[in-house]
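Novice: Below are the structure tokens for one structure; questions will follow.
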Amino acid sequence: MNNAIASYIPQAAVKPVQALLADENVTITIKSERKTRHGDYRRLPNGRHEITINANLNPYRFLITLIHEIAHLEAYKNYGIGIKPHGKAWKRTFQKLMLPFLNPTVFPEKLLPLLAKHFKNPKASSDTDVALAFALKQFDPPNNKTYVFEIKDGQVFKLYNGKIFRKEYKRVKRIACTEIKTGKLYLFNPNAEVELLNNEKTVS
């Protein structure tokens, strides 16, 4: 394991992760923040494997992402190239690899019930698990961002890419928001981080 990885994950997880990676022909690369993903896995043309993970993740999110990507590698090795990226083979592998880490020496106790529920049927991204995603974000460094669910209906906000939206209403799991420039309606994860704009004047 790349020694630098040890500084990104909980201390109690270092040796188990080292054991997981001991016999793997894999390179792990730390990347600058990518808004669309926390990490990824790919098999290289030379037969090696590469895992990339965002550097800005807190230790608990980093560990979950790392095991998520290692599960892709293990599922590929055990089941072959034809499996679905986040299908049953990957889910079973992710559950098996993650189980030894689900204890209070690695994760804060308040996260464990949420993790146990999530790993009954892990999703392609833990961000789709609203309760877990919000709980994990509480361990991020403070910033000036606001969550969409905190904004009042009718208020206006800006995304990281500069696009401006108005919050409309909450659906069952998502929040409907209108893009000001195009008038199109989009559905947001309630935990999406945004910049609340000055809403004293109506934006049209």
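Novice: Give me the residue from region 1-36 that is in contact (Cβ under 8 Å) with a residue 60 or more places away in the chain and part of a loop (DSSP other than H, G, I, E, B) and, out of that set, farthest from HIS68 (Cα to Cα). Please lay out each step first, then the result.
Specialist: Residues of region 1-36 that are in contact (Cβ under 8 Å) with a residue 60 or more places away in the chain, as a first pass: 5, 10, 12-13, 16, 20, 35.
Next, only the ones that are part of a loop (DSSP other than H, G, I, E, B) stay: 10, 35.
On the way: PRO10: 16, LYS35: 17 Å.
Top of the filtered list is LYS35.
Novice: Right, here's the next one. Does region 110-149 hold any residues that are loosely packed, with under 12 Cβ neighbours inside 10 Å and farther than 26 Å from ALA89 by Cβ, and which are they?
Specialist: Selection gives LYS110, GLN138, PRO141, PRO142, ASN143, ASN144.
Novice: How many residues does region 20-52 hold that are at pLDDT 90 or above and surrounded by fewer than 11 Cβ atoms within 10 Å (Cβ to Cβ)?
Specialist: So the answer is 0.
Novice: Strands (runs of 3 or more DSSP E) wholly in region 98-204 with at least 3 residues that are more than 29 Å from GLY39 (Cβ to Cβ) - which ones?
Specialist: Numbers: elements: 156-158, 164-170, 175-179, 185-188, 193-196.
Once the strands (runs of 3 or more DSSP E) in region 98-204 are filtered for at least 3 residues that are more than 29 Å from GLY39 (Cβ to Cβ), what remains is 164-170.
The values are calculated or read from the model by the stated rules, or taken from the named source; none is laboratory data. All values reported here derive from a predicted model rather than from experimental measurement. For neighbour counting, all protein chains shown are included, and Cβ atoms are generated from backbone atoms with ideal geometry for every residue, glycine included.
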